[in-house]
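Novice: What follows is a single structure, and I will ask about it in a moment.
Nothing in this text is a laboratory measurement; each read-out follows from the coordinates by a stated rule. This structure is a prediction, so every number in the text was calculated from the model and none was measured. Because the Cβ atoms are built from the backbone with ideal geometry, glycine has one as well, and the counts that use them run over all protein chains shown.
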There are 2 protein chains.
Amino acid sequence: MIALDANGADRGPRNVAEGGRRSGVPVTIFGPAAELEGFDNVVDAPVGIANDEDPALAVRAKPDSSIVQAARAVKDGKASGFVTSGSTGAALAAGLFHLKRMRGVHRPAVAVRLPVPGRPVLILDCGANVDQRPEWLVQFAYMGAAYMEAVHGVGRARVGLLSVGEEAKKGTEEVVDANRILSDGPLDFAGNVEGNDIARGELDVIVTDGFTGNVALKAVEGTATMVMRTVSDTVRSGTISSLGGLLIRKKVQRLRTELNQDSVGAGILLGLRGVAFVTHGDATPVGVATAVRLAHRAVEERVVERTERALAESGALASVSAPAVSVGSGS
Amino acid sequence: MIALDANGADRGPRNVAEGGRRSGVPVTIFGPAAELEGFDNVVDAPVGIANDEDPALAVRAKPDSSIVQAARAVKDGKASGFVTSGSTGAALAAGLFHLKRMRGVHRPAVAVRLPVPGRPVLILDCGANVDQRPEWLVQFAYMGAAYMEAVHGVGRARVGLLSVGEEAKKGTEEVVDANRILSDGPLDFAGNVEGNDIARGELDVIVTDGFTGNVALKAVEGTATMVMRTVSDTVRSGTISSLGGLLIRKKVQRLRTELNQDSVGAGILLGLRGVAFVTHGDATPVGVATAVRLAHRAVEERVVERTERALAESGALASVSAPAVSVGSGS
């Protein structure tokens, strides 16, 4: 059973619920019952948390909000994971309060699997933290690799560290330190990689701080959209090429689907003691269904336990005596 | 007269010299005379600086290297600006040593004009500095706007500050501070913008730190290349669509040219007391010629003086009593 938060989505709660139905996975829907007639397993939870609220404050102030109820359902064992199309910050805050961080994990991360043809790549952190520390980056590497191996069937994940040059000395002090630590660890580590490696299809995981990751993710998505639209406009602008455009339409349509975020899933919150996914705010029912199925698979494949084990074996966990990190505010 | 450094280019010195010839602008070529037979105005300078050398050390240790000679030619008034296809770090170091920083400028920046159809956008810093300070970001904004207005005929440049959300409070502490300072200044300031705004075509300048800018620039270029190649592969993979592909070939070829970095130019080093451009390492003669023509135009349009004036009027200059910043190492 996956807990599905129906509030906060750009296309409204029915669209989210429809995604849950299409997933084929049993779901409990937390959302406004008045707008969800016709759907089964609805828990009336009309209160949402908006993108412009402070996530940590809002999660504390609104214990009856749908995202908090969904997270609590996982904590209480009534659901095995949660999915939301609402605020990533609120999902993170609710996850941190109710699922808790994995023991020894400094910070959770938002990971997004980018639809690179042939070899989709997981990029993390995409915005849970705007700052960076070498030990966070190192943990992100192990968390990302464990996720790709557990849920997406990658044999041994190849992991790159995003920087401004391939040489190990290039980048900020934090990146240089993280490179050194990862080079000595058990990962299949490709060393520093650059922005043009994101779409190259030679990596399974790209590790970076949440500021750079968020910018890079949106830069890639925005560029793919711009180029596809420019190709269409260019083709339509002449008689002969318009005829050509008709002949390629079906193929290009399939390509659009392949490059569309909806078809590969959602953001995953890694580093929590539970399974949590966040879709694009404007996800279609297809996107929501993909996220629900991925959450289900993550539970089945015991991604949390496998990530904990990978981190423990890597020696990357914070020592138990280290002071606890306070709840991040998300972005 | 533009000083053209012919060493360090992926396609060799003759390719650079050919770009200089095609530019139609008078150039003095600094490179290995033995490989440059047939070209006029060659100063024999066979020593280059490689990408993997420490730029600041190499520039000091190799006063006869071609990039140092090109920078010195500008300093001595024998050339009005320099262009190189070699190491950006070496160009920066040579520029800092011989052209010097503008008075009151904290750090120079590498700015690149991205070929967004309809409205190319200048992004800076793309890698001169891997760290960030609010006052650096603020100066980058004025430097970028002055360049676009002086050299690319933009009436009043619209400037965005790259972050992880549109709200002024989103981002790192440095970005939040820079947003506040820029909001109070005379720029046409769009506030925080996100990664997907880079290719949207609604801005003239995007300001960010050199780490994020370098990653974002390469992410955009890599994604555009990947999508164009995927479109071609997809179209070629079927009989009907292949026929369609033949009909659109001419248009797509033109689009490729439009999206190609070569057609819009090169990296510009802003914040120096002189005109300096760095092309892609693998620039074709077309790319080199574009850079040489842009350098010529920057000189004609007095971009250095205009940038100094814009910075002075904005109140963004460091006070003269502030301690001098040491030479950055470049990336």
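Novice: Tabulate in residue order the Karplus-calculated ³J(HN,Hα) for segment B:240-254, using 6.51 cos²θ - 1.76 cosθ + 1.60 with θ = phi - 60°, rounded to whole Hz; enter x for Gly and Pro.
Specialist: Once θ is set to phi - 60°, the couplings for segment B:240-254 become 5, 5, 5, 4, x, x, 4, 6, 9, 4, 4, 5, 5, 4, 5 Hz.
Novice: Calculate log10 I(q)/I(0) of the protein assembly as shown for q = 0.05, 0.07, 0.08 Å⁻¹, where I(q) comes from the Debye formula with a single equal point scatterer on each Cα and nothing for solvent.
Specialist: -0.25, -0.48, -0.63
Novice: Counting C-alpha atoms alone, how compact is segment A:109-262: give Rg to one decimal and Dmax as a whole number, in angstrom.
Specialist: 17.9, 59
Novice: Taking chain B as a Gaussian network, Cα atoms linked when under 10 Å apart, which of B:Ile206, B:Ile248, B:Ile268 shows the biggest mean-square fluctuation?
Specialist: Looking only at B:Ile206, B:Ile248, B:Ile268, the biggest GNM fluctuation is shown by B:Ile248.
Novice: For the protein assembly as shown, what does the helix formula give at 222 nm: sum of -39500 (n - 2.57) over DSSP H segments with n ≥ 4, over the residue count, nearest 500 deg cm²/dmol? Write out the running numbers ahead of the final one.
Specialist: On the way: 22 runs with 288 residues, N = 662.
Computed mean residue ellipticity for the protein assembly as shown: -14000 deg cm²/dmol.
Novice: Amide H to amide H, which residues 5 or more places from B:Leu272 or on other chains are under 5 Å from it, using H placed in the peptide plane?
Specialist: Under 5 Å from the amide H of B:Leu272 lie the amide H atoms of B:Met102, each far enough along the sequence or on another chain.
Novice: Still on this structure, please answer the following. Once both labels are modelled 7 Å past Cα along the beta-carbon direction, what's the B:Arg133-A:Glu313 spacing in nm?
Specialist: It works out to 4.6 nm between the two label points.
Novice: Here's a follow-up. Taking θ as phi - 60°, what are the ³J(HN,Hα) couplings along segment A:200-212 by the Karplus curve (6.51, -1.76, 1.60), each to the nearest whole Hz, with x for Gly and Pro?
Specialist: So the J values, rounded to whole Hz, are 7, x, 10, 10, 9, 9, 10, 9, 7, 6, x, 6, 4.
Novice: Nearest 20 debye, what's the magnitude of the dipole of segment A:109-262 about its Cα centre given +1 on Lys and Arg Cβ and -1 on Asp and Glu Cβ? The partial results should precede the final answer.
Specialist: Details: 17 positive and 20 negative charges, 225 e Å.
It comes to approximately 1080 debye.
Novice: Provide an ascending nm list, one decimal, of label-point separations from B:Leu57 to the equivalent residue in each further copy; define each label point as 7 Å from Cα along Cα→Cβ.
Specialist: 5.1
Novice: Can you tell me what share of the DSSP beta bridges in segment A:109-262 is antiparallel? A percent to the nearest 5 is fine. Before the final figure, lay out each step's value.
Specialist: Working: 4 of 14 bridges.
Of the beta bridges lying entirely in segment A:109-262, close to 30 percent run antiparallel.
Novice: Could you tally the net charge around A:Gly195, taking each other residue with its Cβ under 9 Å from the Cβ of A:Gly195, Lys/Arg +1 and Asp/Glu -1? Before the final figure, lay out each step's value.
Specialist: Values: positive: B:Lys218; negative: A:Glu194, A:Asp197, B:Glu221.
Once positives and negatives cancel, what remains is -2.
Novice: At 37 °C and 0.692 mPa s, what whole-number value in µm²/s does Stokes-Einstein give for the translational diffusion of chain A, with Rh from the Kirkwood sum over Cα pairs?
Specialist: On the way: Rh = 20.3 Å.
Calculated translational D: 162 µm²/s.
Novice: Additional query: Dipole of segment A:109-262 (Lys/Arg Cβ +1, Asp/Glu Cβ -1, origin at the Cα centre): which of A:Thr239, A:Val193, A:Pro115 lies farthest to the positive side?
Specialist: A:Thr239
Novice: What size of dipole, in debye to the nearest 20, comes out for the protein assembly as shown about its Cα centre when the only charges are +1 on Lys and Arg C-beta atoms and -1 on Asp and Glu C-beta atoms? Could you put the intermediate results ahead of the total?
Specialist: Values: 72 positive and 76 negative charges, 287 e Å.
Dipole of the protein assembly as shown, to the nearest 20 debye: 1380 debye.
Novice: With θ set to phi - 60° and the Karplus curve 6.51 cos²θ - 1.76 cosθ + 1.60, what are the ³J(HN,Hα) couplings of segment B:288-304 in order, to the nearest whole Hz, using x for Gly and Pro?
Specialist: 3J(HN,Hα) across segment B:288-304, in whole Hz: 5, 4, 4, 4, 5, 5, 5, 4, 4, 5, 4, 5, 4, 8, 6, 5, 5.
Novice: Moving on to the next point. Can you give the translational diffusion coefficient of segment A:72-175 in µm²/s, computed by Stokes-Einstein from the Kirkwood radius over Cα pairs at 10 °C and 1.306 mPa s? Walk me through the intermediate numbers first.
Specialist: Values: Rh = 15.5 Å.
So the translational diffusion coefficient is about 102 µm²/s.
Novice: Here's a follow-up. Label-point separation (nm) for B:Ala61 and A:Glu166, each offset 7 Å from Cα along Cα-to-Cβ?
Specialist: About 2.2 nm separates the two model spin labels.
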